[in-house]
Amino acid sequence: MRVMPIDDFLELTESSGSDARAYDWSRLVKEGLAARTAADGGAWRIGDLAALVEHRYASGALKRFAEEIGESLGTVRRFRWVAGAYDDPARARFSLSFSHFQAVASLPDRATWLERAQRGGWSVDRLATTARGTNATPNPPHITMRTSIEAVSKKISSLNAADDRLLAKAVRAGLADAVDELADQVERLRARLRKTQRRSISVAR
């Protein structure tokens with residue numbers, strides 16, 4: 001399936017009349033599914049589409065979008081964040097992987113680091129290690145919090161993939177109680193985030 005350029009898609013949806021919202025969602029999902037089958041995994045495209053979903057639809061739409069294209073919400077958010085850090089000229093300037101771009105997306109001098117990586121043929125690990133070592137300033141608190149949540153999510157995903165015998169041993173070691181406690185913590189955090197989100201929307205209006 002050919003993936004429609006994002007500018008053409010925007011022009012199409014803006015001119016599609018009163019039924020545009022319903023058509024938009026169908027097209028967004030279709031484009032997201034096509035992007036996932038692309039040779040590069042469609043990270044840039046999914047990131048751009050995710051930004052469009054957030055722009056056009058209410059809270060919760062991004063989760064639905066992730067589910068409908070068969071991707072995790074955390075991954076879609078990460079793609080959106082990286083895509084938002086680079087405009088089209090910056091993306092076209094370097095023949096590097098999406099992971100290279102992601103490794104330095106939070107740095108103010110990211111273009112310089114990408115140039116060095118391309119010139120030196122650096123791996124993603126070398127780029128990340130070298131750039132982070134030089135830019136010793138810690139990540140902003142909100143970036144650190146998001147990274148921590150994503151790390152926990154990855155660990156839980158690995159537990160979900162464990163076989164039943166291993167899980168049975170973990171249950172005997174108190175895993176069920178730990179998961180219940182984690183669920184309570186998540187619910188409390190979710191409630192606070194929703195309250196903060198509603199407050200932010202109210203202020204913005």
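Data overview
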| quantity | calculated |
| --- | --- |
| Pairs, first farther than 13 Å from Leu182 by Cβ in segment 143-166, second surrounded by 11 or more Cβ atoms within 10 Å (Cβ to Cβ), C-beta under 7 Å, six or more apart | Ile143/Ser106; Glu150/Gly74 |
| Contacts under 6 angstrom Cβ, first residue in segment 42-67 being more than 25 Å from Ser99 (Cα to Cα) and in a helix (DSSP H, G or I), partner at pLDDT below 95 and not basic (Lys, Arg), 6 or more apart | Ala61/Val53 |
| Residue that is modelled with pLDDT under 85 and out of contact with any strand residue (DSSP E or B) (no Cβ under 6 Å at 6 or more places or on another chain), where the choices are Arg78, Arg2 | Arg2 |
| Top-ranked residue of segment 29-41 - restricted to ones that are out of contact with any Leu (no Cβ under 8 Å at 6 or more places or on another chain) and in a helix (DSSP H, G or I), ranked as nearest to Glu68 (Cα to Cα) | Val29 |
| Options Ala191, Ala178, Ala162: the member that is surrounded by 10 or more Cβ atoms within 10 Å (Cβ to Cβ), modelled with pLDDT under 80 and in a helix (DSSP H, G or I) | Ala178 |
| Matching residues in segment 109-144 - criterion: being at pLDDT below 75, assigned to a helix (DSSP H, G or I) and either over 30 Å from Ala92 (Cβ atoms) or over 18 Å from the mean Cα position of the chain (by Cα) (or both) | Thr134, Pro141, Thr144 |
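The values are calculated or read from the model by the stated rules, or taken from the named source; none is laboratory data. Everything quoted here is computed from the prediction, not taken from an experiment. Please note: Cβ atoms are built from the backbone with ideal geometry, for glycine as well, and neighbour counts cover all protein chains shown.
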